[in-house]
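The values are calculated or read from the model by the stated rules, or taken from the named source; none is laboratory data. It should be emphasised that the depicted structure is a prediction, and the values quoted were computed from it without experimental measurement. Reconstructed Cβ throughout: ideal geometry from the backbone, glycine too, with neighbour counts over all protein chains shown.
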Amino acid sequence: MHLDTHILRAVAVGLAIVLLYGSRLTKGSVSQTADGMVFRIKPLFAWSRAIALPAYILFFLYMAATQKQQVPWWMAVLLLAAIALGVMQMPGTITLTPTAIKQRFWFQPSKTIQYGEVMAIQAMQGGRMTRVAGDNRVTITHTSNHCAAMEFQQEIERRTGKRIIL
């Protein structure tokens with residue numbers, strides 16, 4: 001069976017658009033753990049990274065195989081570097097512990113701001129993104145890819161006693 005590349009390309013672009021805009025429309029939910037309130041990335045966003053990234057890789061491999069051209073080594077290295085950069089830029093899980101706000105990443109160091117060290121809380125993008133700045137030069141960002149933006153803002157205001165700057 002021969003797949004038409006134009007159809008594959010249209011499906012890939014359509015899937016990317018649906019995942020990008022669909023992840024913004026979903027809300028997600030906060031979970032309570034022994035450590036505190038946890039704000040993870042939205043499930044749709046996580047699935048889009050888990051499905052779309054391998055799908056794009058397979059698409060490029062399929063294109064290379066059907067074209068009967070050898071892929072240059074630098075192209076493979078560039079593709080792997082792009083994948084690594086995409087995984088490194090994934091938003092970290094935010095946990096509101098009884099004493100501090102923490103953000104944990106997969107491949108980057110964790111960030112921590114004690115509630116007493118919070119200097120400012122700034123809301124951007126119509127309240128979908130919130131940046132918490134500490135006096136220890138650490139900034140923790142709750143992005144539109146995290147769940148429960150309003151709950152995060154309310155809880156940060158309550159725990160720090162500071163108002164959000166719009």
Any chance segment 141-158 includes a residue that's surrounded by fewer than 16 Cβ atoms within 10 Å (Cβ to Cβ) and either among the small types (Gly, Ala, Ser) or part of a strand (DSSP E or B) (or both)? no
Members of segment 41-71 found to be touching a helix residue (DSSP H, G or I) at 6+ places or on another chain (Cβ under 6 Å), in contact (Cβ under 8 Å) with a residue 60 or more places away in the chain and part of a helix (DSSP H, G or I), listed by number: 45
How many of the residues making up segment 73-118 are loosely packed, with under 11 Cβ neighbours inside 10 Å and farther than 30 Å from residue 58 by Cβ? 2
Counted residues in segment 80-99 being out of contact with any helix residue (DSSP H, G or I) (no Cβ under 7 Å at 6 or more places or on another chain) and in a helix (DSSP H, G or I) come to 7
Is there a residue in segment 17-37 that is farther than 21 Å from residue 103 by Cα, modelled with pLDDT of 70 or more, touching a Ser or Thr at 6+ places or on another chain (Cβ under 8 Å) and surrounded by 14 or more Cβ atoms within 10 Å (Cβ to Cβ)? no
